[in-house]
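These notes concern the structure reproduced below.
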Amino acid sequence: MDRERLGVLQLDEELRDMPSEIRNVLDPVRLSGGDRLRFRCHPGVSCFNVCCSNIEIILTPYDILRLRRRLDISSELFLYNYATPTTLAKGQLPVPIMRMDEETGRCPFNTDAGCSVYEDRPVTCRYYPIGMALMHRQDVKGEEEFYFLIREDFCRGHEEEREWTVFEWRSDQGSDGYDRENRGWMELILKRRSAGDGVNTSLQLSEFFYMASTDPGAFRRFIFESTFLKRYYVDDDTQERLRGDDQYLTEFAFAWLRTVLFGEKNIVVRPEAVEELKRRKGKK
Ligand code: SF4
Ligand code: SF4
């Protein structure tokens, strides 16, 4: 069985849309940060490395940033070598997943000695065996976050003695920092999902989202080498930061996408661009 999307990006309300083979390995108890789990993973476990094959790992923007810096390659080359685009559900925004070795099903960073990129491993790998769910609720402003435990038969880590709270586990694995960096991306995916058919995401906007999530250099070229700055007001300080700070640029890109998709007023449209749009609409 391929293990899918067990990790940071379980956005489905009540998690009910998941295939049964996934639901079956989820402990149906909602966990909060203070709840405890018993778990330890180390090279001495009999299942060492088993979890690093035949798995679908969604790569978040910060995963890609960390991995490509570690490998000292461009985003473009990283995507070419290690990622495949997919969508979480029909009509939803595209996300990259790690490409497993076609013959062995093994993660490209898995070695007999363990993970070769351990310090920069993706956030899904950091969370395991916990999944984090982010849920939009109509009755509460903002998103609700909770956790759940993943129990797969092959994983012997649950038999170890070491106990943690969920928060302790997250902190020990370095997941919190990743969540902070990926917040804008996760919220945008969740908002798009909650909007359902009410928001029409064109192919072009989906491509922009994928570009913003994976390749800051390409999005930078879009800002500075297209008519973007003629259409949107971006002050000099912001432009300066956009030129040199990939993480800032990624957040800016998501703010722009929220402006375009949901009408949020994050980025100011220039009055002359509004007039031009009205003029074009009037001609039709
Ligand atoms: S990145 Fe590392 S921890 Fe994650 S699946 Fe690959 S080898 Fe395993
Ligand atoms: S299957 Fe569980 S205990 Fe075994 S290596 Fe993977 S995470 Fe660790």
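Since every read-out is calculated from the coordinates, none of them should be taken as a lab result. Computed from a predicted structure; not experimentally measured. As a convention, Cβ positions derive from the backbone with ideal geometry for all residues, glycine included, and neighbour counts pool all protein chains shown.
Things worth noting here:
- In this structure, the amide hydrogen of A83, modeled 1.01 Å from its nitrogen in the peptide plane, lies closer than 5 angstrom to those of R99, counting only residues at least 5 positions away or on a different chain.
- Those GluC sites (Glu not before Pro) in the stretch 189-284 that DSSP places in a loop and that have at most 13 other beta carbons within 10 Å: E264
- Label-point separation in nm, D112 to D172, each point 7 Å along Cα→Cβ: 2.9 nm
- The trypsin sites (Lys or Arg not before Pro) of the stretch 151-186 that meet both conditions, a loop assignment by DSSP and at most 15 other Cβ atoms within 10 Å of the site Cβ, are R151, R162.
- Here each label is just a point 7 Å from Cα along the line to Cβ, and for F228 and R280 those points are 1.7 nm apart.
- At most 11 other Cβ within 10 Å, DSSP loop - trypsin sites (Lys or Arg not before Pro), the stretch 48-113: K90
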